[in-house]
Amino acid sequence: MPVDATYLLQLTLNGLMLGLIYALIAAGLALVFGVLEIINFAHGELLMVGAYVMAFALPALGGQYIPAMAVALLASALLGFVLYHGFLARLRDKDFERSILVTMGISMVLLYGCQYLFSATPKMVNTEFGFAGIAVGSIKITWTRVIAAGLAIMAFAFLWFILFRTQFGRAMRAVSINREAALMVGVRPQSVARNAVVIATVLCGLAGAALAPIHLVQPIMGQFLLFKAFALIIIGGLGSMSGAIFAGLALGILESWIGGFFDIIWQEVAGFIVMMAVLLVRPQGLFGQAAVRTG
Amino acid sequence: MACALDIRALTAGYGDLPVVHDFSAAIEAGTVTTLIGGNGAGKSTLMRALFGTCRLFAGEIIFLGVPIERMHPWERLAHGIGLVPQGRCNFASMRVAENFKMACYSLQRADHDRAIARTLQLFPALKPKMSVMAGNLSGGEQQMLEMAMVMVPSPKLLLLDEPSLGLSPKMQQDVFSMARQVASIGVTVLMVEQNAHGALLASDTAIVLELGRNVLAGPANAVIRDPRIRLAYLGERSTERLS
């Protein structure tokens, strides 16, 4: 069958937008895994909280996008701070199982707490932009999507700058590469872990807040995305940030194409099929390092 | 010579298990001291106790007149104590230059370049390797890199845990002469070594540790001749090498 170029471009742009959201979530999950060596099961709910803050801040601020986004990001940073000092800081080294239970508990409390407070009824929020957008040929993209994509790209540039150009971020990479060597050069592991959790929460909150004016906001929204994010960090290579971001973008585009040309049901499965294929062919993930020379 | 490090009745270990018992020693400034002892004697635990990365049960550690036993590792680093742990301890997937940058973590930003340049004068072999991934260096180069990284903030006490482990005899000699060179600029060096013979030849003082206790301490050239030590740690071949 002939493929309409405009239709394909439309699908690709939609997929890119979705992929950026996936990449934000996966990057945060990979960062927390690398630095704290835990899997954060509450990661999806961090996104949901970001979306709810945006959904309440937007009408309160007269629909102004950027100020509402700033409120959502601030709230996310605060949430990350509380999450770390309230719970994660109390985990000891090698407390992997306990970390699963603790973060799962937090996930459930946030999920059902939110449902209790705001009901499970999906919320729709509008922004100052409404449905206005830009038109490229016959393709129309709403401003909310354009700005969301722009913010996500800025977030990645900022993240790269922090991780590779500042001592603050370099210390996060250092702890995830070799904890003992990080102590050797005077790093305080607790401060680095707190910084990583706050940054990861803000990335996730950004994803949620950017989704709020585009999709429905509901308590369960994070759950749908969490397991996909797990698949993404495995595809990318556990602990590899660039791998997680690349896998997120690729999955977004792939899902969009599949949804456009096949039954939509396959869209949800695609990521997991890729994950299983990667695990069979390249268990360390696309960007993972097989083994590091040790001496 | 002044006493740089005074360890008094130190008991340290992991969890509820003390490994080092009631250990006391006084180490003079600007000397090289080697700690020898069999497997499980508590040598590495003692090094960790001095840097603050294992549990302290009792005792005091006085470094240049300041009690440090309650300090965190980063506070001890700020007081001039550097530890090169056993095994590979660098950032394998960072380039050597970035490893040096991380080694500056405890310094002010304005001092980074100067500190790195000064350390490279001591370790010139690392200069051409700056853009190599640390994990791709040879074992000996990685050991040099780790010593260099700890030297970046100019420690006054350098703790080396098995610096010659897994290295060729030539590289082992290089590591020991590096320890002497570091001591010659006024740094106190305390090292743990399996290669007791090579390490003792490069040392001023030796401490023998057995089952977590200090059983013998003295000038390295006397310890190396002690018949009990020769039998336990040096083997017969050392007789020929000495003569």
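Coordinate-derived values only; no laboratory data. The structure presented is a predicted model; accordingly, all values stated were derived computationally and were not measured. As a convention, Cβ positions derive from the backbone with ideal geometry for all residues, glycine included, and neighbour counts pool all protein chains shown.
How charged is the neighbourhood of B:Asp6? Take every other residue with its Cβ under 13 Å from the Cβ of B:Asp6, and add Lys/Arg as +1 and Asp/Glu as -1.
Working: positive: B:Arg8; negative: B:Glu28, B:Glu60, B:Glu69.
After counting each charged neighbour, the total is -2.
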Practice problem: Please turn the phi angles of region A:88-100 into ³J(HN,Hα) values with the Karplus equation 6.51 cos²θ - 1.76 cosθ + 1.60 (θ = phi - 60°), one per residue in order, whole Hz, x for glycine and proline. | Solution: 5, 5, 7, 6, 9, 4, 6, 9, 4, 4, 4, 5, 5
Self-check item: Protection proxy ranking of B:141-152, A:152-163 - average other beta-carbon atoms within 10 Å, highest first
Solution: B:141-152, A:152-163
Quiz item: For the protein assembly as shown, how big is Rg over Rh, using alpha carbon atoms and the Kirkwood form of Rh?
Solution: 1.08
Quiz prompt | Other-chain or far-sequence residues with amide H under 5 Å of B:Leu35's (modelled H) | solution = B:Met191, B:Val192, B:Glu193, B:Ile207
Exercise. Pop out the ³J(HN,Hα) list for region B:27-37 in order, Karplus 6.51 cos²θ - 1.76 cosθ + 1.60 with θ = phi - 60°, rounded to Hz; leave Gly and Pro as x.
Key: 10, 7, 5, x, 10, 10, 10, 10, 9, 10, x
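Rg to Rh for chain B: what is it, with Cα atoms only and Rh by Kirkwood?
Working: Rg = 17.5 Å, Rh = 18.3 Å.
Rounded to two decimals, Rg/Rh equals 0.96.
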Practice problem: Would you mind working out the magnitude of the charge dipole of region A:5-223 relative to its Cα centre, with +1 at each Lys and Arg C-beta and -1 at each Asp and Glu C-beta, to the nearest 20 Debye? | Solution: 320 debye
Self-check item: Positive-end residue, chain B charge dipole about Cα centroid, Cβ charges, pick of B:Pro18, B:Cys54, B:Ala97
Solution: B:Ala97
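Can you compute the FRET efficiency between A:Phe168 and A:Ser119 using 1/(1 + (r/R0)^6), with r the Cβ-Cβ distance and R0 = 41 Å? Round to the nearest 0.05. Kindly include the intermediate steps, with their values, before the conclusion.
Working: r = 41 Å, r/R0 = 0.99.
Once rounded, the FRET efficiency stands at 0.50.
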Self-check item: Fluctuation leader among A:Ser240, A:Ser256, A:Ser191 - chain A, Gaussian network, Cα springs under 10 angstrom
Solution: A:Ser191
Quiz item: Can you list the HN-Hα couplings for region B:184-189, worked out from phi with the Karplus curve (6.51, -1.76, 1.60; θ = phi - 60°), rounded to whole Hz and with x for Gly and Pro?
Solution: 5, 9, x, 8, 7, 10
Quiz item: With +1 on each Lys and Arg Cβ and -1 on each Asp and Glu Cβ, how big is the dipole of region B:88-154 about its Cα centre, in debye rounded to the nearest 20?
Solution: 100 debye
Practice problem: For region B:88-154, calculate the relative contact order in percent as a whole number, restricting contacts to Cα pairs under 8 Å that are 6 or more residues apart. | Solution: 52 percent
Quiz item: Taking only C-alpha pairs under 8 Å that are 6+ residues apart, what is the relative contact order of region A:5-223 in percent?
Solution: 44 percent
Quiz item: Cα axis of helix A:43-60 to longest principal axis of chain A: angle in degrees, 0 to 90, nearest 10?
Solution: 50 degrees
Quiz item: Amide H of B:Glu210: which non-local residues (sequence gap of 5 or more, or other chain) have their own amide H closer than 5 Å, using H built in the peptide plane?
Solution: B:Val215
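What average count of beta carbons from other chains do you get within 10 Å of the Cβ of residues in A:172-178?
On the way: counts 0, 5, 8, 1, 2, 9, 11.
Shielding by partners across A:172-178 averages 5.
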Quiz item: Once amide H atoms are built 1.01 Å from N in the peptide plane, which residues 5 or more positions from B:Arg95, or in another chain, come under 5 Å H to H?
Solution: B:Ala134
Quiz item: About its Cα centre, what dipole magnitude does the protein assembly as shown give when the only charges are +1 on Lys and Arg Cβ and -1 on Asp and Glu Cβ, stated in debye to the nearest 20?
Solution: 600 debye
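So what is the relative contact order for region A:44-167, in percent, with contacts set as C-alpha pairs under 8 Å and at least six apart? Please report the intermediate quantities before stating the final value.
Details: 65 pairs, mean separation 30.7, N = 124.
About 25 percent, as a whole number.
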